[in-house]
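Reading through the structure tokens given below for one structure.
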Amino acid sequence: ACDEVACAANCPVGFYNDDCGNIENPDGRCVPCSLPPPGYYFIGDGNTDDSCSIAACDWSQCGPSEYLANCNGTSAGECVSCTTVELGQYWIESGGDRDACEVETCSAECEIGFFLAGCEGGTTPGECVPCTNAPFGSVYQSDGGMSNSCDFVECDPICPNGEFVENCTENDTMCATCTNVGSTVCMRNGANNGHEFNYAPGSSHREIALRACESEYGGGNCEYGVCGGYEYYYKFADGHCRCDKAVGTVEWVFNNKFGYVAVDQDYRQYSSQSVDDVSAANLFTRMRTASGCDDSVQSWELLDIDLGFPNELENATASHDCGSYYYSDDGGFADECPTALCNTNCDAHQYNAGCGGASSGNCTNCSSIPPGYHYYKDGNLVDDCLSKLCVDNCDNGYYLADCYIGPGTCKQCSSPPDGYYLTSNGNQTDNCSAAPCLSSCPEGYFLGGECGGRDGASNYECTPCISCFVGLTTTISCDGTTFEDITECKSPTYERVALGENNYFSFANSSIIVFGANNSAHGNSLFIGDGKSNYLESYVDLTGASGGASSIAGGSNLIVSGASSSMLGGTYSCLGSDRSVLVGGHFNDVGCGDGFAGADAILVGGLDNLNHGLSTFVGSGDRVKVTERAEYTSIGGGQRNSAGNDWAAIIGGKNAKAVSNYATAIGGYGCKANGRFSTVLGGARNTANGKYSTSGGYSSRASATRSFVMGLDSSKYCRSVGINSVNVCVKKGFFINGMDLAAMVAEINSGRRLGTEDFLAHVSSTKEQAMMHQDLIALKKQQLSQLRHKLQRLKHLNRVHR
């Protein structure tokens with residue numbers, strides 16, 4: 001029996017196996033099935049029969065502007081665009097399997113300034129959208145139909161202040177009133193005194209703080225200040241950042257740049273005693289509650305942490321009496337007129353009337369106040385100026401005048417009659433009381449002063465007359481009725497007798513030596529009181545203009561040769577300068593020797609000191625000196641100090657020098673003020689060489705002009721770093737109010753570095769992500785290329801099977 005094999009059923013879609021079992025071609029052959037009915041297409045093969053599987057064409061998948069084309073054979077077809085639409089129409093339904101989509105006419109009925117977009121040639125009736133074809137400042141006159149082409153007129157922006165262009169025609173511009181707001185509502189100013197303020201929207205914290213402060217103290221009376229990490233405004237007269245700042249004063253803080261926790265952290269280190277945390281606040285008020293800068297005492301308290309934010313009641317009241325706004329210009333083509341705050345700093349007797357709308361208003365006199373009162377604060381925007389009772393605190397002879405507009409001034413009362421003086425003030429009228437002046441005093445007194453005087457309030461005073469010294473006889477005495485001291489004293493007549501041993505002087509030249517031994521006085525009007533081996537010589541010159549009139553009070557081995565000079569004790573000292581004084585000491589020299597003698601000099605005690613200057617001073621010390629021809633120079637004392645130029649000064653210290661004009665060395669060891677107008681504050685081994693320079697501390701060198709150098713590190717020299725510079729050399733930290741400045745700067749720089757590092761890390765991360773995306777794109781491109789290659793193979797096979 002023959003073997004039977006089933007015919008193969010592997011023909012393509014739209015084919016069936018024909019002639020299966022033929023001896024010549026036992027496997028048969030694939031032949032096309034009969035064409036499907038219109039509107040159908042093959043979806044499978046026919047096996048061994050001419051009955052391939054078919055399906056109906058699905059044109060429901062096509063949109064309103066499409067129809068299903070080429071749905072036949074083995075193809076399900078594809079949606080393609082219809083071509084039957086005309087201008088002004090849009091598609092509403094698909095054409096099925098024909099190029100005959102249903103259409104409707106667009107309805108272009110839009111408002112003026114709009115046009116119908118998305119209708120013509122589309123699948124929707126479209127929508128009205130604004131035209132944009134007109135330039136800025138134009139007004140549309142019609143709609144644009146179905147295109148962005150509305151008719152328009154370019155407007156002329158000629159509206160007055162407070163209005164904007166709302167519409168226009170070719171011949172006219174229609175303006176409307178602006179409605180944008182230019183100030184906040186009135187709110188408390190943070191001082192807890194019942195006063196209010198407001199400000200312009202968008203104001204900075206600094207502007208808000210200033211306006212609040214001026215609402216309390218008046219325009220121009222608030223000053224910017226900074227203390228530690230707080231920036232603020234305060235009343236100028238109150239001062240700021242001082243441990244002695246008065247209790248009860250207020251500051252308006254607008255910046256907490258260091259994030260302080262305690263409200264008084266700029267006056268002391270943070271303490272757990274603080275009950276208010278202001279670390280997140282940048283706008284608040286505080287009041288001084290205790291003087292000093294004691295870490296254990298809270299010296300400020302928080303008044304208002306919500307400064308600049310109206311509360312519920314203030315928002316509900318919505319008052320602008322404390323300060324409103326007006327429109328300062330027109331708004332152009334927008335309802336955004338520029339605004340300005342109304343002036344609320346009129347004189348004390350005025351208020352700003354009529355401010356609002358387009359008017360800035362005018363300062364207008366407030367309503368009258370009762371007599372005896374004066375205005376002290378303006379009424380802001382309402383006729384409600386504040387007043388106080390006039391108080392006459394003028395001195396006797398004056399009265400309070402013009403107390404109405406302000407508190408008034410003291411004016412002099414009319415002069416009293418001759419022989420009278422004014423005994424009271426006039427209490428706001430020119431009516432000071434008067435009384436007779438004093439006419440006599442007790443014996444031994446005279447009538448001093450004057451009756452009436454410039455202010456009319458002076459009276460004579462009983463002034464004691466002089467009493468004659470012991471040994472003198474009173475020849476005329478005061479009886480209490482004279483207007484000057486008429487006392488006369490007369491000395492007794494006696495013969496002058498000199499005491500002491502081996503003293504030489506001349507009575508004929510009006511000279512005398514009272515006590516002592518081996519003293520001599522050669523010249524005119526000389527005096528030696530006591531002592532031993534003292535020598536005094538000073539003659540009046542031929543013209544009688546100078547010389548003589550010098551003295552030695554006492555001492556040993558003293559020499560005086562200057563005119564009108566005095567030496568008060570000491571040993572082995574010399575005074576050669578005219579009009580000079582040497583007080584005690586040992587081996588001291590004022591203007592002696594072969595050089596310039598100087599004049600008008602003083603030397604007070606010490607050992608081996610020298611003063612050869614003009615109008616100069618040496619206080620005391622050991623081997624200190626003012627060199628020749630130095631003028632108006634002083635050395636207070638010390639050891640081995642030297643001043644060698646004019647207007648120089650050394651207060652004390654050792655081995656200090658003031659070399660140039662106006663140089664000053666306050667003290668210390670080995671300090672030198674070499675530059676003009678230079679200063680050495682003290683310390684050790686400091687030098688100020690530059691003009692207007694200052695040095696202090698240890699081993700500092702201020703060589704540059706207008707430089708300040710403070711050496712606080714003993715391990716190195718501290719030098720100026722240039723003109724107009726400050727250099728402070730420290731070893732263990734620079735602290736301000738207990739805070740390490742170097743640490744603060746390092747922290748700020750660290751923050752900057754961290755910010756830079758974060759930015760660079762972000763850039764690096766972005767680069768890595770970009771590279772990853774590039775790799776992903778390359779992979780997608782490769783996969784797309786493979787898909788295209790497969791698609792081309794499928795198309796080729798499809799053509800082969802057909």
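Using the Cβ-Cβ distance between Asn518 and Thr473 with R0 set to 35 Å, the FRET efficiency works out to roughly 0.40.
Add -39500 (n - 2.57) for each DSSP H run of 4 or more in the chain, then divide by its residues: what number comes out at 222 nm, to the nearest 500 deg cm²/dmol? Write down the numbers at each step before the final one.
Numbers: 3 runs with 80 residues, N = 802.
Mean residue ellipticity, 222 nm, calculated: -3500 deg cm²/dmol.
Looking at region 622-736, what % of the alpha carbon pairs are farther apart than 26 Å? Here the long-distance tail beyond 26 Å is 16 percent of all Cα pairs in region 622-736. Once the Cα atoms are used to define both axes, helix 741-801 deviates from the longest principal axis of the chain by about 10 degrees. All C-alpha to C-alpha distances of the chain, sorted into 10 Å bins beginning at zero, yield P(r) values of 2, 7, 8, 8, 10, 12, 12, 9, 7, 6, 5, 4, 3, 3, 2, 2, 1, 0, 0, 0 percent in whole numbers.
Projecting label points 7 angstrom from Cα along Cα→Cβ for Asn192 and Ala316 puts them 2.4 nm apart.
Could you give the accessible area per residue of the chain, probe 1.4 Å, as a whole number in Å²? Numbers along the way, then the final one.
Working: 44150 Å² over 802 residues.
Accessible area per residue, the chain: 55 Å².
The long axis of helix 205-217 is offset from the longest Cα principal axis of the chain by roughly 40 degrees. For the chain, the relative contact order is 3 percent, taking Cα pairs closer than 8 Å that sit 6 or more residues apart in sequence and dividing their mean separation by the residue count. Short to long, the 5 Å bins of the Cα pair-distance histogram for region 1-157 hold 2, 10, 11, 10, 9, 8, 8, 7, 6, 6, 5, 4, 4, 3, 3, 2, 2, 1, 1, 0, 0, 0, 0 percent of all pairs.
Assign one of three labels to region 370-478, namely rounded, prolate or oblate, based on the Cα gyration tensor with a ≥ b ≥ c the square roots of its eigenvalues; rounded applies when a/c is under 1.5, prolate when it is not and a/b is larger than b/c, and oblate otherwise.
Details: a/c = 6.06, a/b = 3.46, b/c = 1.75.
It is prolate, given that a/c is not under 1.5 and a/b is the larger ratio.
Look at the dipole of the chain built from charges on Cβ: of Ser634, Pro416, Cys106, the Cα furthest out on the positive end belongs to Ser634.
Scanning residues 5 or more positions from Val103 or on other chains, those with amide H under 5 Å from its amide H are Ile92, with H placed 1.01 Å from N in the peptide plane. The value obtained for region 185-315, namely the Cα convex hull volume divided by the number of residues, is 99 Å³ per residue. For chymotrypsin sites (Phe, Trp or Tyr not before Pro), the sites in region 80-171 that DSSP calls loop and that have at most 13 other Cβ atoms within 10 Å are Phe136. Just so you know, the Rg over Rh for region 110-268 is 1.34, from Cα atoms, with Rh as the Kirkwood radius. Each listed q (0.26 Å⁻¹) maps to a log10 I(q)/I(0) for region 517-591, found by the Debye formula over equal Cα scatterers with no solvent: -1.10.
Per-residue Karplus couplings for region 345-356, computed as 6.51 cos²θ - 1.76 cosθ + 1.60 with θ equal to phi - 60°, are listed in order as 10, 6, 4, 4, 9, 10, 9, 7, 9, x, 7, x Hz, Gly and Pro entered as x.
With R₀ fixed at 25 Å, the C-beta to C-beta distance from Gln89 to Tyr40 puts the FRET efficiency at about 0.15. For region 330-418, trypsin sites (Lys or Arg not before Pro) are listed when DSSP marks them as loop and at most 14 other Cβ atoms sit within 10 Å of their Cβ; the list is empty. Compute the distance from the alpha-carbon center of region 521-584 to that of region 302-366, in whole Å. Between the Cα centres of region 521-584 and region 302-366 lies a distance of 82 Å.
Solvent-accessible area assigned to carbon and sulfur over the chain amounts to 51 percent, based on a 1.4 Å probe.
The values are calculated or read from the model by the stated rules, or taken from the named source; none is laboratory data. All figures in this text were calculated on a predicted structure; none of them were measured in a lab. Using ideal geometry, Cβ is built from the backbone for each residue, glycine included, and neighbour counts are taken over all protein chains shown. Please note that ligands, DNA and RNA were not included when accessible areas were found on the heavy atoms of the full protein model with its side chains. Shrake-Rupley method; radii C 1.70, N 1.55, O 1.52, S 1.80 Å.
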